[in-house]
Amino acid sequence: MQKNISILGSTGSIGTQTLEVCKEQNIKIRAISANKNIALLEKQVREFKPDFVAVYDEKAAKTLKQNISDTDTKVLAKMEGLCEISTLSKIDTVLTAVSGMIGLQPTLAAIKAKKTIALANKETLVAGGELVISEARKNGVQILPVDSEHSAIFQCLGGKTSSPFLEKLILTASGGPFFGQTKSELENVTVKDALNHPSWNMGAKITVDSATMMNKGFEIIEACHLFGLPEDKIDVVIHRESIIHSMIEYIDGSVIAQMGVPTMKTPIQYALTYPKRLNSKNEKLNLAKIKNLSFFAPDNKAFEAIEICRKAIKIGGTAPLTVNAANEVAVSLFLSGEIKFLEIIELVKSAINNFKPQKVSSLEQILETDKSVREFIKSLV
Ligand code: NDP
Ligand code: MG
């Protein structure tokens, strides 16, 4: 049966690779979306002929509507547009690849409409994990991981999210561009340095998160939600070559690893073809050529983000959401040259100290807390 999907964030790194996978595997794209990159959206509309394109930025949506008036694709706008393409009757899966917790509302809408979620957008689980998972359970909806580590664990578990014999998960981390540097060496690193990732070509926000190791902290939280484990059952090991995408350890000490060349097209494809596997043209692994795989313990003194995230998920409630909101603002301030690299973590710590964690009760409460934390961080700079 042919798959029909909507993509949240089709113009980004994950979004464009998803389109390539869909082309290779004959998956029908019913809807695409972005914030405001309408030049690329127009190209994608003309190539993939989706029924709908949603543009978050209202002005950009109007311009796109004029520019593609000769096509059959309907243009939607704002959050309503993103939610509408996530609930179309013709689709079975929504691939979430927007950057940031802006993906939360459309993901919840998709879950309520009983669509399978192929999830790349980890901030959605960091900010609203408790709500998302409980809604998914209530609606019998599967959340299939696209993030390479979580896809690896899911594959190690044989396409399941749990095992009675599981001892722990071992997330691998590339270590980012600043691996091995001390805190004082990180003092004056630039945006260009932070964007120079050793093994992955990703959007700017997640690349900075990889440099601070916040990405790995978020992935611990993401794994807690996806695999129903406490954070102390999730280890992190630095693995510079990014060949082992993560591992699981069973109670008898046996460790299973998932490996492959570092391309996101493999986890994207698995999430879209699950439970089947299809041939792919992706480069295949040649271990004799790679020769060595190396492993190191993370340096939690120079890079505090992992410990911050462990604490936040242990506290639960709005604590992870506070970390995420503060981090989103801080990273964008760093990218625009307004703060230094190490200030990202300092700002996140200020938010944690200023906002008392609350129990999560509703989407509205999440959105309100998110807004207050963002305003607080902006007021500090
Ligand atoms: P990019 O920055 O490359 O792309 C982000 C996408 O989100 C773009 O299409 C962008 O549109 C869209 N977007 C941003 N804001 C909005 C908005 N308000 N409304 C609608 N669309 C919006 O990010 P990545 O592809 O690198 O990452 C996407 C997600 O996947 C993140 O959550 C990231 O953590 C996760 N991820 C990414 C990996 C990777 O290899 N890149 C690996 C694992 C996870 P526009 O172009 O108009 O700005
Ligand atoms: Mg990852």
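The values are calculated or read from the model by the stated rules, or taken from the named source; none is laboratory data. Please read all numbers here as calculations on a predicted model, not as lab measurements. Don't worry about glycine lacking a Cβ; one is built from the backbone with ideal geometry, like all the others, and counts go over all protein chains shown. These area figures cover heavy atoms from the full protein model, side chains too; ligands, DNA and RNA do not enter into them. Shrake-Rupley method; radii C 1.70, N 1.55, O 1.52, S 1.80 Å.
Tabulated data for the structure shown
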quantity: Test: residue in the range 304-314 that is in contact with a Lys or Arg (Cβ under 9 Å, 6 or more places away or on another chain), outside any helix (DSSP H, G or I) and touching a residue at least 40 places away in the same chain (Cβ under 8 Å); calculated: yes
quantity: Meets criteria (touching a helix residue (DSSP H, G or I) at 6+ places or on another chain (Cβ under 8 Å) and either open to solvent by 30 Å² or more (accessible area, probe 1.4 Å) or among the charged types (D, E, K, R) (or both)) for Met202; calculated: yes
quantity: Residue match in the range 162-171 (condition: closer than 13 Å to Glu249 by Cα and within 12 Å of ligand 2 (Cβ to nearest atom)); calculated: yes
quantity: Flag for Asp235 being open to solvent by 20 Å² or more (accessible area, probe 1.4 Å) and touching a residue at least 60 places away in the same chain (Cβ under 8 Å); calculated: yes
quantity: Close pairs (6 angstrom Cβ cut-off, 6 or more residues apart or separate chains): without any contact (Cβ under 8 Å) to a residue 40 or more places away in the chain in the range 180-196, open to solvent by less than 90 Å² (accessible area, probe 1.4 Å) anywhere; calculated: Leu195/Thr207; Asn196/Pro177
quantity: Residue that is under 14 Å from the mean Cα position of the chain (by Cα) and away from ligand 2 (no atom under 11 Å from the Cβ), where the choices are Gly158, Gly129; calculated: Gly129
quantity: Cβ pairs under 7 Å, 6+ apart, first in the range 342-357 and over 13 Å from Arg374 (Cα atoms), second open to solvent by 30 Å² or more (accessible area, probe 1.4 Å); calculated: Leu342/Glu187; Ile345/Glu304; Pro357/Ile315
quantity: Pick from the range 162-171, criterion away from ligand 1 (no atom under 15 Å from the Cβ), touching a residue at least 24 places away in the same chain (Cβ under 8 Å) and of a type outside the set (S, T, N, Q), ranking: least open to solvent (accessible area, probe 1.4 Å); calculated: Leu169
quantity: Matching strands (runs of 3 or more DSSP E) fully within the range 1-63 where at least 2 residues are in contact (Cβ under 8 Å) with a residue 60 or more places away in the chain and under 23 Å from the mean Cα position of the chain (by Cα); calculated: 4-8, 28-34
quantity: Among the candidates Leu64, Leu95, residue that is modelled with pLDDT of 95 or more and either away from ligand 2 (no atom under 16 Å from the Cβ) or surrounded by fewer than 23 Cβ atoms within 10 Å (Cβ to Cβ) (or both); calculated: Leu64
quantity: Of all residues in the range 172-195 being surrounded by 14 or more Cβ atoms within 10 Å (Cβ to Cβ), assigned to a loop (DSSP other than H, G, I, E, B) and among the polar types (S, T, N, Q), the one that is farthest from ligand 2 (Cβ to nearest atom); calculated: Gln181
quantity: Which listed residue is within 16 Å of ligand 1 (Cβ to nearest atom), modelled with pLDDT under 95 and on the phi < 0 side of the Ramachandran plot, from Ser148, Ser174, Ser199, Ser210; calculated: Ser199
quantity: Yes/no for Gln105 being over 15 Å from Ile5 (Cα atoms), in contact with a Cys (Cβ under 9 Å, 6 or more places away or on another chain) and either open to solvent by less than 20 Å² (accessible area, probe 1.4 Å) or modelled with pLDDT of 95 or more (or both); calculated: yes
quantity: Options Gly140, Gly159; residue that is closer than 21 Å to Thr93 by Cβ, surrounded by fewer than 17 Cβ atoms within 10 Å (Cβ to Cβ) and in contact (Cβ under 8 Å) with a residue 60 or more places away in the chain; calculated: Gly159
